[in-house]
1. Any idea which of (1) on the phi > 0 side of the Ramachandran plot; (2) more than 13 Å from the chain's Cα centre (by Cα); (3) not basic (Lys, Arg) is the one residue A:161 doesn't satisfy?
2. Which count do you get for residues in segment B:126-156 that are surrounded by 24 or more Cβ atoms within 10 Å (Cβ to Cβ) and in a loop (DSSP other than H, G, I, E, B)?
3. Within segment B:1-24, track down each residue that is hydrophobic (A, V, I, L, M, F, W, C), under 17 Å from residue A:105 (Cβ atoms) and more than 9 Å from chain A (Cβ to nearest Cβ).
4. Please enumerate the residues belonging to segment B:191-225 that are part of a helix (DSSP H, G or I) and among the aromatic types (Phe, Trp, Tyr).
5. Would you confirm, using the coordinates I've provided, whether residue B:68 is among the β-branched types (Val, Ile, Thr), out of contact with any Pro (no Cβ under 7 Å at 6 or more places or on another chain) and within 14 Å of chain A (Cβ to nearest Cβ)?
6. Here are B:163, B:199: which of them is surrounded by fewer than 16 Cβ atoms within 10 Å (Cβ to Cβ), within 21 Å of residue B:104 (Cα to Cα) and away from every other protein chain (no Cβ under 14 Å)?
7. Given the conditions (1) on the phi < 0 side of the Ramachandran plot; (2) within 14 Å of chain B (Cβ to nearest Cβ); (3) surrounded by fewer than 23 Cβ atoms within 10 Å (Cβ to Cβ), report the number of the one that residue A:188 does not fulfil.
8. Report yes if residue A:101 is over 23 Å from residue A:199 (Cβ atoms), of a type in the set (Lys, Arg), touching a residue at least 12 places away in the same chain (Cβ under 8 Å) and crowded, with 22+ Cβ neighbours inside 10 Å, otherwise no.
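The values are calculated or read from the model by the stated rules, or taken from the named source; none is laboratory data. Remember, it's a predicted structure, so these values are computed and weren't measured experimentally. Positions of Cβ are generated from backbone atoms using ideal geometry, with glycine treated the same way; all protein chains shown enter the neighbour counts.
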Amino acid sequence: MTAPARSQHAVGLQIKGLALQRGFRRLVTDFDLTCTPGEILALQGPNGSGKTTLLRAIAGFHIPAAGRITFSRAQGVGSEGAEIEEPGEVLSFLGHQDPIKAGEKLIDQLRFWADLCGASRVRVGETLARVGLTKQADLQGGVLSAGQRKRAALARLLLEDRAIWLLDEPASPLDQEGRTFLGALLDQHAKQGGIILAAVHDPLPTVTARLLTLGTLETRVPA
Amino acid sequence: MSLARACVAILTREVRLGWGAGGGALLSASFFAGSVMVAPFALGPAPDTLGKIGPGYLWLALTLASLVSLERLFQADLEDGTLDQMLLSPVPHSLQVLSKILGQWLATAMPLLAVSPIAALLVRVDPAVILPLCAQLAVGSLGLFLIGAIGAALGASIRRGGLLVALVVLPLYAPSVIFGASAAAALATGGDFFSQPFLFLCALVLAALAFAPVAAAAAVRLHVD
């Protein structure tokens, strides 16, 4: 687990007055959040409380009913305090679906993601070794187990090397060793100044995270 | 440089997945070949009848065959979350969609075009015009794939959405088919390769090249929520 030191991240996340809605159901209202580099946040809440929707809103997939989500570069790094327009510049998203194609070799899939995010192809092999999938590199995606798929998704996250990680139930299919590894990964990312927002049911392994509980707001918006 | 690298990666992946296990790249080609093969049975083998409608029939078969492959263009990526990740890449989304369509076209339309000279023989097209006719089919097929991608993007989140996609796309296909078939008819009656209808078809394809990726990207974005 001694990976070479990567670039130091310095991106902040600010959410102001956010309201999220699915159909006529308000999931979240007046939600404020400020994350500074190096922070780990565990989002908790019952099923259907809007954890995934919140993560998807931050990633820019879901358009919030109200409020603003902004990313900013922290002081002293490159363009100071400049706002970042595209979420894709600074964040990686790990959803509960794993974008793994059944009919393609794992190594090819990771090379594809490396090409897409502009990472060096040399890092693919090294990253696969890091997540413990070297032996599976030449296997087709369809034969991987759920835990192996999650590890492959984590490898993609490492390749992308972006500041903010949005993780939706990252630990659920992982074995004990995988969870310890995930904990170490999160810890290292936070130490490099990254921000981690994870929707979880069990506490995140080995790291101490700030807890954030989404209530069961159950308010119906008048049609 | 990284932009070109990403686009090439999307394009080659599309080809690789199409030709890989369960990719279905040969679906359109087999549909095309099959529909041409039954033509003499349905229309009668008389050389003069077949020869007259042959070029137009090839266009009809191409149009329907291109519909077959549309359904899976964006659906798989939407279901497994690949689309989410592509939206987070620094490459403009319409460029990604364009690379995807071109990849799909290479994987699916190339085998179809490869069998088209034989198909043309089967429907009694004059051997002298077979190659120019197939060249026109190639140009037209790119247009059909580009336009079809808009419909595929609109119906991406609908299970078994092939019917809806066909309903959306067929009216949009009409101009290409009209000019394509007229160009083929002109060829068959001894006209130029660059006849007026074919130039119109080229213009349509160029317009589709510019607009379809943007429209398809916007449409596919609607499903990511």
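1. With respect to (1) on the phi > 0 side of the Ramachandran plot; (2) more than 13 Å from the chain's Cα centre (by Cα); (3) not basic (Lys, Arg), residue A:161 is out only on (2).
2. Qualifying residue count for the region: 2.
3. Residues satisfying the conditions are B:15, B:19.
4. B:198, B:200, B:211
5. When the stated conditions are applied, residue B:68 does not pass them.
6. Criteria check complete, one pass: B:163.
7. With (1) on the phi < 0 side of the Ramachandran plot; (2) within 14 Å of chain B (Cβ to nearest Cβ); (3) surrounded by fewer than 23 Cβ atoms within 10 Å (Cβ to Cβ) applied to residue A:188, the lone miss is (2).
8. Yes.
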